[in-house]
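Following: one structure in structure tokens, then a few remarks.
The values are calculated or read from the model by the stated rules, or taken from the named source; none is laboratory data. Quick caveat, the model's predicted, so the values are computed rather than measured. All Cβ positions, even for glycine, are placed from backbone atoms using ideal geometry, and neighbour counts span all protein chains on display. For accessibility, only protein heavy atoms count, side chains too; no ligands or nucleic acids. Shrake-Rupley method; radii C 1.70, N 1.55, O 1.52, S 1.80 Å.
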Amino acid sequence: MPKKYEIITKPNEGKKYTISIWDSIEEFEDYDKLLETLSGVTKKDAVALYVSTPGGRCDIGFNLYDRIVELPCQVDVVIPYPTYSMGAILALSGNSLKLNPGSFLMFHDYSTGSRGKGNEMFKSTEAYCEIFNYRFNAICQPFLTKKECEDVLQGKDLYIKWNDTTLDARIRRHF
């Protein structure tokens with residue numbers, strides 16, 4: 001199984017965790033060790049989270065987001081390269097955000113696939129849509145405006161580039 005992330009710790013007064021997430025977010029078991037590591041983080045520690053991923057499954061991504069948001073220490077998020085979809089949402093999980101030159105965040109409505117009886121697929125998609133819309137708005141605002149969130153949820157892709165003139169204001173609003 002390929003590594004989907006990397007954890008580096010450096011001893012100091014607390015621990016300095018450097019976590020890099022760079023591959024598609026696809027299977028829960030790929031993140032067992034990461035989630036175990038996060039459960040041991042204390043308020044004396046610090047986390048640097050590097051995110052550069054094409055995105056992936058929302059259920060796993062929201063789980064990672066929730067665990068990162070709950071950390072009792074400073075979490076600095078760095079976007080070193082273009083980051084899409086669930087990666088863009090994860091970028092908003094810390095206490096600060098930095099986009100490196102040449103990087104961007106790409107937000108879009110969820111993608112899905114399902115199999116089964118038509119009425120079951122419809123009900124499942126309808127329920128998932130409601131949950132995704134709620135989580136997307138709760139996480140992405142105020143980094144994104146209400147109108148931008150509405151546009152994204154209506155199918156419009158949104159790119160926030162490292163040199164976007166609105167980036168500093170977005171960061172101040174959100175963090």
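Structure notes:
- The lysine pair tally for the stretch 59-147, using Cα distances under 29 Å and a gap of 8 or more places or different chains, is 4.
- Considering only beta bridges that DSSP places wholly inside the stretch 8-150, some 20 percent are antiparallel.
- Overall Cα dimensions of the chain, principal axis frame, Å, largest first: 56, 39, 26
- Note on Glu130 and Ile7: the extension gain reaches 40.9 nm, defined as 0.36 nm multiplied by sequence separation minus the Cα-Cα distance.
- Amide N proximity, the stretch 70-114 versus Leu158 label position 7 Å along Cα-to-Cβ, cut-off under 18 Å: 83-94, 97-99, 104-111
- Projecting label points 7 angstrom from Cα along Cα→Cβ for Glu150 and Lys117 puts them 3.8 nm apart.
- Relative contact order (%) - the stretch 101-175, alpha-carbon pairs under 8 angstrom, separation at least six: 51 percent
- Cβ-defined net charge surrounding Ile25, 10 Å radius [Lys, Arg +1; Asp, Glu -1]: -3
- Sequence-distant residues sharing a close amide H with Val77 (under 5 Å, placed H): Leu49, Asn95, Ser96, Leu97, Lys98
- The residues of the chain have, on average, 55 Å² of accessible surface per residue, using a 1.4 Å probe with all protein chains present.
- For the stretch 1-92, applying the loop criterion from DSSP together with a ceiling of 11 other beta carbons within 10 Å to the trypsin sites (Lys or Arg not before Pro) yields Lys3, Lys43, Lys44.
- Comparing Ile131, Ile139, Ile25 in a Gaussian network model of the chain where C-alpha atoms under 10 Å apart are linked, the largest mean-square fluctuation is found at Ile131.
- When you filter the trypsin sites (Lys or Arg not before Pro) in the stretch 117-156 for DSSP loop state and at most 12 other Cβ atoms inside 10 Å of their Cβ, you are left with Lys117, Lys156.
- Among Glu126, Glu150, Glu70, the order of accessible area from largest down is Glu70, Glu126, Glu150, computed with a 1.4 Å probe on protein heavy atoms.
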